[in-house]
Amino acid sequence: MNRSASTLQEAPLCLQPVWDLVRSQESWLRSPFFAVLFSLGVYMSFCLPFVVLDLLATRVSFLQRYKIQTHNNPSLKMMASCVGQTLYNHMVYIFPLSVAGWLWRPVHLPPTAPELPEALLGIAACLLLFDFQYFVWHLLHHKVPWLYRTFHKAHHKYTATFALTTEHSGAWETLSLGFFAAVNPALLRCHPLTTLLFFTVNIWLSVEDHSGYDFPWSTHRLVPLGLYGGAPHHDLHHMKFKANYAPYFTHWDKLLGTYATAHSKPH
C-alpha cells in the first residue's frame, strides 16, 4: 500500500530527475553570468549543425534539394559578420541587463519539479504569447517606415536566410524581443524549469525559422493543418517583405490577410 502510494506521488513528477540535475548546478544558476552564457551557448549550439550543412551544401548536391533558396549559399565572411553582431549584442547589451536582473530579482529554485503536462502547457502558452507579441511588433516595424529604417532594417540585410542571421539585428530589436521572451514566463508564473525549457525551445524554433532548410522532419511538417509556418514561412518573409509577419504560427497572418506561400500573395 505504501509502495503504491509512493508510486502515485512520484508518477506526475517525471521531470523531477531533470530538475534535480539542474538544481545540482545551483551556484552556476545563481551566477550573474548564467543567463547570457546560457542564451549564447544554446544559440550557437543550435546554429552549428546548420553552419556545417551550409559549408557542405556547395559540395554535396544531395543537400541542395532541402535548401529553400537553392542558389544562395552564405560565405564565411557573411557568417563571421553575423557571429560578430551576435557577440557584440550579448556583451554590450544583454550581459549588463542580465546582471541588473540578477540584482533586482534573486533566483528562486523550488525543490519540486513541475508536472509534465504543466510544463508543456506553460511552454505552449509562452510560445503563443510570444508569437502574438512578435507579430504586432514585426507588423508595426514594417508598416511604419521610420521604425523599419531605424530598427528593423539590419535584420533584413540578407534576403536568403541562414541560421546565423537569426540574431543579426540591432540593439533595439535584440532587447525588445528578448524582453518579450523573458517577461512571458514571469507573467504566466511558470516554474523555473518550464522557463528554461521555453527559452531552449524558443531559441531552437527561431534558428530553424532562419535556417534556410526545409527537411521532412522540420517542425512545420510535424504540426498538422498548416498551423505552424516554419522555415518556408519565414524565409518567404525575407524575400517578399510584406507577408508572414508572425515568427512561428500562421493564424495571425491568416486572420489579418498577411499570409502568403511561395505560390500566392498576401490575401
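Coordinate-derived values only; no laboratory data. Computed from a predicted structure; not experimentally measured. Backbone-built Cβ (ideal geometry, glycine too); neighbour counts: all protein chains shown.
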Whole-Å distance linking the alpha carbon centroid of the stretch 187-251 with that of the stretch 85-105 is 25 Å
Relative to the longest principal Cα axis of the chain, at what angle does helix 116-143 sit, 0 to 90 degrees, rounded to 10? 30 degrees
Filtered pair list for the chain (Lys only, Cα < 16 Å, 8 or more apart or interchain) has a length of 12
Asserting the computed 222 nm helical MRE of the chain (DSSP H runs at least 4 long, -39500 (n - 2.57) per run, divided by residue count, to nearest 500) equals -18500 deg cm²/dmol
Residues with amide H under 5 Å from that of Phe249, placed H, sequence gap 5 or more: Gly229
Nonlocal amide H pairs with Tyr213, under 5 Å, H built at 1.01 Å: Ile68
Through the Karplus equation 6.51 cos²θ - 1.76 cosθ + 1.60, θ set to phi - 60°, convert the phi angles of the stretch 165-177 into ³J(HN,Hα) values in whole Hz; use x for Gly and Pro. 7, 3, 10, 7, 7, x, 4, 4, 5, 4, 6, 5, 6
Convert each backbone phi in the stretch 179-194 into a coupling constant with the Karplus relation 6.51 cos²θ - 1.76 cosθ + 1.60 (shift: θ = phi - 60°), then list the ³J(HN,Hα) values in order as whole Hz, x for Gly and Pro. 5, 4, 4, 6, 7, 4, x, 5, 4, 8, 6, 6, 5, x, 5, 4
Dipole magnitude of the chain about its Cα centre, charges +1 at Lys/Arg Cβ and -1 at Asp/Glu Cβ only, in debye to the nearest 20? 720 debye
Arrange the peptides 41-51, 207-217 so that the one whose residues have, on average, the most other Cβ atoms within 10 Å appears first. 207-217, 41-51
In vacuo Debye scattering of the stretch 190-267, one point per C-alpha: log10 I(q)/I(0) at q = 0.12, 0.18, 0.26 Å⁻¹? -0.35, -0.73, -1.22
Give the residue from Leu15, Tyr93, Ala154 lying farthest towards the positive end of the charge dipole for the chain; charges sit on Cβ (+1 for Lys and Arg, -1 for Asp and Glu) and the dipole is referred to the Cα centre. Ala154
Express the relative contact order of the chain as a whole percentage, based on alpha carbon pairs under 8 Å and six or more residues apart in sequence. 22 percent
